[in-house]
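Since the structure comes first, as structure tokens, the remarks are kept for the end.
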């Protein structure tokens, strides 16, 4: 047998053995990562927040200058997978950024309630409209970061062309005129979708509603693309979508549906992970992130509204920052489970 | 002549080269030997007779003009030089293919079985016993050659065209095959045209179609019939 | 087999690769699932109303679409076969390149066609999904059948004519018998493509209740709780259905007709009269493509990060393509019958299995590499092995009589014949690797952000223009890759 083949084969076999051996050192790898240095804050977030052009990267340098602490960012594909990451790789993060109130509740066992940390933000004035959630949340270790209201965004010209009137209540969506006229997201895989389905009253028949939507998309971006392509005149989205259109000079072409029932609000926040060593950078991070100029960056980088009161909002956000019907309804895991069961029966056609 | 079975009169095949036969007649049961150097045009002539190339002129078989008929209507059996057996069928299926497509196997089991038995018997005659269900790919060159001959003859054509039929056969099998073909020519209403190396086997051909060099352009090849 | 011989070592490497790619991930997956298996709870999942409903639904749409693809594919193949050779080669080339385009292109095309035809009501229903499958997969089926038809000796058809066979007899006894085994295998592959189809279903299907097994697997492993046992229960059905169909297909083919089928979808040779002009056109296409890409990469602000993502995708694609080809050869000479492992597994399940086994210990790009190698290996082997099987044994023996070793004889005789196809397959795999979403979506984190995921992240932040740039880069890379490959071949 020729020498080169022997050596190539041997190398491949050794490589395989090495790879297999490394599988058994899963725990060892994780243990190495638990010992963070005193001036590094290991943050776990989702990819959009942690991307190069995202909020965290944009403030990373300023944070280091202000506090002397390094911000080490790890990302998951989306917010929902943060809990999975914490479960699979415990001890690899000090702080999570970008979980909403529901995820926070679902991952209760992962969070530390650090009184010192909670006391450190006593001076922060949050948006009064979010008072109920922010106050109770903070007490349990949920530190809000930003928020966004959700509703239907519609194209005015399309409504005029189709001679549609703007719905005023949720039950209007069941009217024949709105058949195939709006897009929503799947609550099983999309956070805005879950907001929609847990917000609509349980008395509203999902079986009737499923005949009304044009499509149930897997993610917000897919649904908004369809909306922009004119597939439907209305889409369930963040209110800040209007700010986006405003910056593009299209502000007068779009508007939002101001439901009488009020609009659901999704609050994104942060939490300290339990089991990690006390990190002085955590307190510095909270002090830093609640500063008004830092909060202001959320509008540009994440298209979300700052939770802190008194932030100077860009002109595009002015239109959407003052309205009456914010509904920061508290969802529980029980609500979600109930919704998913109902969804299974009335929409899927069968349940697990 | 009243007992003319095959007649070629100013027959011309127009392929990559043009092949001409001015005049050739043969009786039933007769054997026509085509003799010409390699590359002269023997295969073109055979393909023309089989109806696989454009042609003009007179080609009559049993008084019926065939010049403008398609290959399937000419009642000619052809044994090709490369066998061209069907790889998706067994040896036996190849043998009875000609009868099968003519509906001769029929629907009644007895008739079908009888014909299949006959095909098997013929295979036995040519030393192909127990090769009935063999895939073509598993046959040797000599076995394939014999299957090709059986395939061409089993459905009893009026004109049998053989292109190098004894290639790849050992002497004993060659003898058996020649005997089979001789019997076939003698017993059936058929005329046989054979292209083979002259010293390959001693044949008493009644007619010889000889390729000749004439004053024609280089792409035109002429065959002349004579009696050896 | 002598220990220490080439064959011995090849088998060791092939066996080791099988264990690494499939065995260990499957073991870890089963271990993870078994944590939740108590009192036959898992069996209850496999037979739950939802799963059974999904199985029936998926099979229903798959069979309907498969039937149309079968008929349309056969018709297309015979139609192209009837053309003159040069036109046939040109059409085959165009169809092969058409098939390489990303699924988003087919979604866009289907949407456009349905609107043009006044069939908007079909959109966001299974009807639109099925139309897209037919448009997207019929060329693959047709190309496979065409290859078989082209392998038929036309003189055999002539021989059948001389035996009195009419066109219908020739069709039934020659054409159909020749293509039947290949059609069976192609049908299984079409079913696999349908079963694992994801983007098309989610973008055109309208969401629940238009779910398939694959979208349900996605829903089981996404969001806040990875329901491993749910995903596995669904995946089992996918595997069982595909294996079942394969066995039925094998039973349907007689012993005589068990020929090695098809290598079809990789583009054939383009008939070229004026080589110089043709090569010039290819250079212009490649040059324009490179210029457009450079313009995008140099644009602000997305250009830099897009370039980084593209580079990552290119490295991944090159690694996947190279390693897959090497392993395909190793399996061919070592453990051929096992090269189809993973053929029946959805990309998402493969990703999960690999993540379970190797997730913590490795870089994301290496995990993607492992998943994609496992995913593409069966496809590469099915396209390459029929070609390798056509050995020129006589020539190899001649080389050995002249003193060449077995390897040297193979390299002298077979490698030059096989190399052009290997190059095409390498480009083919690279293009598919770059467009793959399901197999990279779980591993994209931190610094590793392949092209598909990068685009998605842009869309998620209202950066539509930047997001579409990612798709544009993918299409340009595909065209440049094909152009370069064709140029090399023509040279």
For this session: Would you list the P(r) distribution for the stretch A:196-278, with all Cα-Cα distances sorted into 10 Å bins from 0 and each bin expressed as a whole %?
Result: 13, 37, 30, 13, 7, 1
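Between residue C:248 and residue B:220, what FRET efficiency comes out of the Förster formula 1/(1 + (r/R0)^6) with R0 = 41 Å and r the beta carbon distance, rounded to 0.05?
Values: r = 58 Å, r/R0 = 1.41.
Between residue B:220 and residue C:248 the formula returns 0.10.
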Exercise. Relative contact order (percent) for the stretch A:59-196, with alpha-carbon contacts under 8 angstrom and 6 or more residues of separation?
Worked result: 12 percent
Exercise. Given a Förster distance of 35 angstrom, what is the FRET efficiency for residue C:63 paired with residue C:326, based on the Cβ-Cβ distance and rounded to 0.05?
Worked result: 0.40
Exercise. With the calculation restricted to Cα positions, what are the radius of gyration and Dmax of the stretch C:48-271 in angstrom?
Worked result: 19.6, 70
Exercise. On average, how much area does the Cα convex hull of chain A cover when viewed from any direction, in nm²?
Worked result: 23.3 nm²
Problem set entry | Ranked packing of B:29-38, C:13-22, most packed first, by mean Cβ within 10 Å | C:13-22, B:29-38
For this session: Grab the Cα-Cα distance for residue A:333 and residue A:108, subtract it from 0.36 nm times how many residues apart they are, and report the gain in nm with one decimal.
Result: 79.9 nm
Problem set entry | Percent of Cα-Cα distances greater than 28 Å, calculated over chain C | 58 percent
Exercise. Hey, rough spin-label estimate for residue A:229 and residue B:210, points 7 angstrom out along Cα→Cβ, what's it come to in nanometres?
Worked result: 8.0 nm
Exercise. Roughly speaking, what is the centre-to-centre gap between the stretch B:98-137 and the stretch B:33-61 when only Cα atoms are used, to the nearest Å?
Worked result: 30 Å
Seminar exercise, completed: CD proxy, 222 nm, chain C: helix-only mean residue ellipticity via -39,500 (n - 2.57) per DSSP H run with n ≥ 4, per residue, nearest 500, stands at -24500 deg cm²/dmol
Problem set entry | Within the protein assembly as shown, percent of DSSP bridges classed antiparallel, to nearest 5 | 55 percent
For this session: Give the whole-number value, in cubic angstrom per residue, of the convex hull volume spanned by the C-alpha atoms of the stretch A:96-184.
Result: 147 Å³
For this session: Work out, step by step, the length gained on full extension between residue C:151 and residue C:240: first 0.36 nm times the residue separation, then minus their alpha carbon distance; give nm to one decimal.
Result: 28.8 nm
Exercise. According to a simple spin-label model (label point 7 Å from Cα along Cα-to-Cβ), what is the distance in nm between residue C:468 and residue C:393?
Worked result: 5.9 nm
Problem set entry | Degrees between helix B:109-125 axis and first principal axis of chain B (Cα, 0 to 90, nearest 10) | 70 degrees
Exercise. If you wrap the protein assembly as shown's Cα atoms in a convex hull and average its projection over all directions, what's the area in nm²?
Worked result: 52.6 nm²
For this session: Would you calculate a helix-derived [θ] at 222 nm for chain B, using -39,500 (n - 2.57) for each DSSP H run of n ≥ 4 and dividing by the full residue count, to the nearest 500?
Result: -9000 deg cm²/dmol
Exercise. P(r) for chain B: what percent of alpha-carbon pairs falls in each 5 Å bin, starting at zero?
Worked result: 1, 7, 14, 19, 19, 16, 12, 7, 3, 1, 0, 0
Problem set entry | Taking N as its residue count, the alpha carbon Rg of the stretch A:103-258 over 2.2 N^0.38 Å | 1.23
Exercise. Using 7 Å Cα-to-Cβ label points, what is the residue B:73/residue C:294 separation (nm, one decimal)?
Worked result: 6.6 nm
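Quick note: the coordinates plus some simple rules give every number you see, no bench work behind them. Only a predicted model underlies this, so the values are computations on that prediction, with no experimental measurement involved. For neighbour counting, all protein chains shown are included, and Cβ atoms are generated from backbone atoms with ideal geometry for every residue, glycine included.
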